[in-house]
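Below: the structure, in structure tokens.
Just so you know, all these numbers are worked out from the coordinates, no wet-lab data involved. Since the model is a prediction, treat every value here as computed from it, not as a measurement. No Cβ is skipped: glycine too gets one built from the backbone with ideal geometry, and neighbour counts run over all protein chains shown.
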Amino acid sequence: MRRRARAVARAWLGGLRFPERMVEAVAVLVEAHLAPSQLVAGGAGPRAYRRLARRLAVAGVSLVALERLARADQLGRTTPEALSGRFEAGAAFLAAAEAAGVREAPRPDVVTARDLMARGIAPGPELGRLLRRCRELEDETGDREPGAILARCLGERARARH
């Protein structure tokens, strides 16, 4: 359903000749507009907020913008919470995003291609896979220490080769 809504938003805005950057930002927001309520209701941890922040950032959107859209969506309904002007999930969502360190934007990757190349990884597809895995490990653990993430990632690589 959300992917369909994203496609409809893209088609409609594209037909109106909005700039592609804006079309993509709106499409990403439309697709993720339920995430604030869902993450809060599900008790999601920091990893989920970090991953969502990265997904939104590709389109130039922040978790703050997503919360504003979700708030507008919720307050436009006829539920008791909406009619009273409350969207408690929004405040909880932003607090959790702040705690995860990604309220305004995703954190920069702590492991870079240069770090991996310094450990003998040649540029190419494997370097890209390892960078993605380092990012996943960072998001999963919240660790900001490049050495720890590299050790774990390269350890997994070594075990997979045997």
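Any chance you could count how many residues in the stretch 7-27 are in contact with a helix residue (DSSP H, G or I) (Cβ under 6 Å, 6 or more places away or on another chain) and within 20 Å of LEU66 (Cα to Cα)?
So the count comes out to 6.
Restricting to the stretch 112-155, name every residue that is surrounded by 13 or more Cβ atoms within 10 Å (Cβ to Cβ) and of a type in the set (Asp, Glu).
ASP115, GLU136, GLU138, ASP139, GLU140, ASP143
Regarding GLU140, is this residue touching a residue at least 60 places away in the same chain (Cβ under 8 Å) and either of a type in the set (Val, Ile, Thr) or within 30 Å of GLN38 (Cα to Cα) (or both)?
Yes, satisfied.
Can we say ALA27 is under 16 Å from the mean Cα position of the chain (by Cα) and of a type in the set (A, V, I, L, M)?
Taking the combined requirement at face value, the residue satisfies it.
Which pairs do you get when a residue that is of a type in the set (Gly, Ala, Ser), found in the stretch 4-20, comes within reach of a residue that is surrounded by 12 or more Cβ atoms within 10 Å (Cβ to Cβ) and outside any helix (DSSP H, G or I), reach meaning Cβ atoms under 9 angstrom, with the pair 6+ apart or on two chains?
Once the first residue is of a type in the set (Gly, Ala, Ser) and sits in the stretch 4-20, its partners that are surrounded by 12 or more Cβ atoms within 10 Å (Cβ to Cβ) and outside any helix (DSSP H, G or I) give ALA5/HIS33.
Tell me yes or no: at least one residue of the stretch 104-111 is buried (at least 16 other Cβ atoms within 10 Å of the Cβ), of a type outside the set (Gly, Ala, Ser) and farther than 29 Å from VAL26 by Cβ.
Checking the stretch 104-111: at least one residue is buried (at least 16 other Cβ atoms within 10 Å of the Cβ), of a type outside the set (Gly, Ala, Ser) and farther than 29 Å from VAL26 by Cβ.
Taking the stretch 37-53 as the region of interest, how many residues are part of a helix (DSSP H, G or I) and out of contact with any Phe, Trp or Tyr (no Cβ under 9 Å at 6 or more places or on another chain)?
Residues of the stretch 37-53 part of a helix (DSSP H, G or I): 37-41, 46-53.
With out of contact with any Phe, Trp or Tyr (no Cβ under 9 Å at 6 or more places or on another chain) added as a condition, the list becomes 38, 41, 46-48, 50-53.
So the count comes out to 9.
Keeping to the stretch 8-19, report how many residues are of a type in the set (D, E, K, R) and surrounded by 12 or more Cβ atoms within 10 Å (Cβ to Cβ).
Looking only at that region, the number is 1.
Return only the number of the condition from (1) under 22 Å from ARG132 (Cα atoms); (2) buried (at least 16 other Cβ atoms within 10 Å of the Cβ) that GLY45 does not satisfy.
(2)
Would you pick out the residues in the stretch 59-93 that are of a type in the set (A, V, I, L, M) and touching a residue at least 12 places away in the same chain (Cβ under 8 Å)?
ALA59, VAL61, LEU63, VAL64, ALA65, LEU66, LEU69, ALA70, LEU75, ALA89, ALA92
Does SER84 satisfy being among the hydroxyl-bearing types (Ser, Thr, Tyr) and over 27 Å from PRO108 (Cβ atoms)? Let's see the steps before the verdict.
On the way: among the hydroxyl-bearing types (Ser, Thr, Tyr): yes; over 27 Å from PRO108 (Cβ atoms): yes.
Against the criterion (among the hydroxyl-bearing types (Ser, Thr, Tyr) and over 27 Å from PRO108 (Cβ atoms)), SER84 qualifies.
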